1. Could you sort out which of 13/115; 13/100; 76/118; 23/100; 4/65; 23/78 sit more than 18 Å apart by Cα distance in this structure?
2. So if each residue of separation counts as 0.36 nm, and I subtract the Cα-Cα distance between residue 7 and residue 59, what length gain in nm does that give?
3. Under 5 Å between amide hydrogens, which residues at least 5 positions from residue 101 or on another chain qualify, with H placed 1.01 Å from N in the peptide plane?
4. Can you list residues from other chains, or at least 5 along the same chain, whose modelled amide H is less than 5 Å from the amide H of residue 84?
5. Using 0.36 nm per residue of separation minus the Cα-Cα distance, give me the extension gain between residue 87 and residue 28 in nm, one decimal.
6. Give me a comma-separated list of calculated 3J(HN,Hα) values for region 74-87, in order, Karplus coefficients 6.51, -1.76, 1.60 applied at θ = phi - 60°, integers in Hz, x for any Gly or Pro.
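Throughout, read-outs are computed from the coordinates displayed, never taken from laboratory work. Since this is a predicted model, take the numbers as computed values, not measurements.
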Amino acid sequence: MLTKVALEEFKNKLLDRRVQIEKNLRGTTLELDSMRDLELNDEGDYAAAAAETVVDSAILEQQRKELNEIELALDKIKRNTFGICEMCEEPIGRARLEVKNFARFCITCREINEKESK
């Protein structure tokens, strides 16, 4: 079980990351909007812009997913279920939470979950 101090540390890390992602999302969205307004001179310009847009869109999607995970983790902190595996209901190791603050599964269950989703 995590101490109140540890929970507070994780909460602050999650909140900091949320602010960073929201800033990234705003910045990338503005970039994409301004790219749409560019006058592209030839097919090469268009292809380069399109490729960049695809990459930016993939990054946006990944960041949105992470934002969702962060919101779930913050909600779990409120409900005192943070750090508990969603599958086996055992505590998630602190080392795993340090690496992935919003981890929903312990290492064992994560591997099972990944195999099942393939």
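1. Check vs 18 Å cut-off fails for 13/115; 76/118; 23/100; 4/65; 23/78.
2. Result: 15.9 nm gained on full extension.
3. none
4. 92
5. 17.7 nm
6. 5, 5, 5, 4, 4, 8, 6, 10, 5, x, 10, 4, 6, 9
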